Amino acid sequence: MNTEPGRESTAGRPGILDVAALAGVSPATVSRSLRGQSKVAPQTRRRVLDAARELSYVASPQASGLASGRTRAIAVVVPFITRWFFSTVVAGVTDVLRESGYDVVLYHLGSANDRDRFFERMPLARRVDGILSLSMPLTEEHTLALRALDLPLVSVGSHVPGSPSVRIDEVAAARTAVTHLLHQGHEKIGLIAGVPDDPGFGFASSEQRRRGYDLALRSAGLTVDPDLIVTGRYGIKGGAAAMAQLLSGPVLPTAVFAEYDELALGALWALRRAGLQVPERMSVVGIDDHELAQVLDLTTVAQDAHEQGAVAAQLLLQALETPSDHEPDTDTVLPTHLVLRASSAPPRRTRRKH
């Protein structure tokens, strides 16, 4: 039996469902009407208030708190909290929300199956005031489940139709990395592509970065050589294994672009173990500007993951402060920039002799 306060009649007291049934509206409309939101039509609000008076409905403290936004809690739904990008975004979100007096309720999914179960049981209802979704392409079923909550939603790294989103241009970031190597005179540029731990999540960033690699080469009049493309599981070990595979292949590149810095760091490790100097024998470039990138002097295309979280949190706060019938379908694209370090240089054959 459902005994959640304000939802159903308890001990003879009418609940919000009773008010909704009598007024002929949804429970969400009752909630909005009772807290005086402007997006409810005046005649609908009057009908709800008349029904509440007729039933002598009094919201419980918990229900009234939720109706007025007093949970002061925001749900952050994240696929893998241990990953550098996700944990850094969450830090940016938390910094902004805590300054505004909101708590963060973190939902770590871990697998696509856990994600599907999460959306089936939808534990967010009546617990939070808003939702931040991190880098999860959602199915129509998932999106409808979120919409049914009638809560503000902002996504980071992926776009949910009808809601604000914050991201970088993944294709442009990859083109910047590869174009840097092309300008240095490299033509045989290898690619270490990331393989997700769980393909069921359907992350789009790897595919988009691969597209940027292809576009940069084709723009330079070069063909994409499949012998120069290898894959590795996300992480330093995956990058090292992929680099070892590339070194044993039929074509040896003069430079390598890794889709993520952690893959690039693994590539540096593998090259060092093979006795190949970087960048003298091979240049390596990544994307992210991971905290270890500076330590290991990795050239990379930097993205500000902390800022992405902060901007997303600010957008969510705006939606909470000024609710409207439709959330703005804005797509905020934050800039990336090339960070030159010691892991990239022109290939030997193009260097000037002194």
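The values are calculated or read from the model by the stated rules, or taken from the named source; none is laboratory data. Note that the structure is predicted; figures quoted are calculated from it, not measured. Neighbour counts run over all protein chains shown; Cβ positions are idealised from the backbone, glycine included. For the accessible areas, the whole protein counts, side chains as well, though only heavy atoms, and no ligand, DNA or RNA atoms are used. Shrake-Rupley method; radii C 1.70, N 1.55, O 1.52, S 1.80 Å.
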Crossing angle, helix 42-55 versus the chain [Cα axis fit, 0-90 degrees, rounded to tens] | 60
Keeping the other protein chains in place, figure out the carbon and sulfur percent of the accessible area of the chain, with a 1.4 Å probe.
-> 50
At Asp198 and Asp331, where each label point lies 7 Å from the Cα along Cα→Cβ, what is the point-to-point distance in nanometres?
-> 2.7
For the chain, longest principal axis from Cα atoms; helix 236-247 axis from its Cα atoms; angle between them, nearest 10 degrees, is 40
Determine the per residue accessible area of the chain with all protein chains present and a 1.4 angstrom probe, expressed in square angstrom.
-> 48
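At 10 °C and 1.306 mPa s, what whole-number value in µm²/s does Stokes-Einstein give for the translational diffusion of the stretch 258-315, with Rh from the Kirkwood sum over Cα pairs?
129
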Using the alpha-carbon atoms, what tilt in degrees (0 to 90, nearest 10) does helix 170-183 show relative to the longest principal axis of the chain?
-> 10
Which of the following values of Cα Rg over 2.2 N^0.38 Å was calculated from the structure shown: (i) 0.94; (ii) 1.09; (iii) 1.25?
-> (iii)
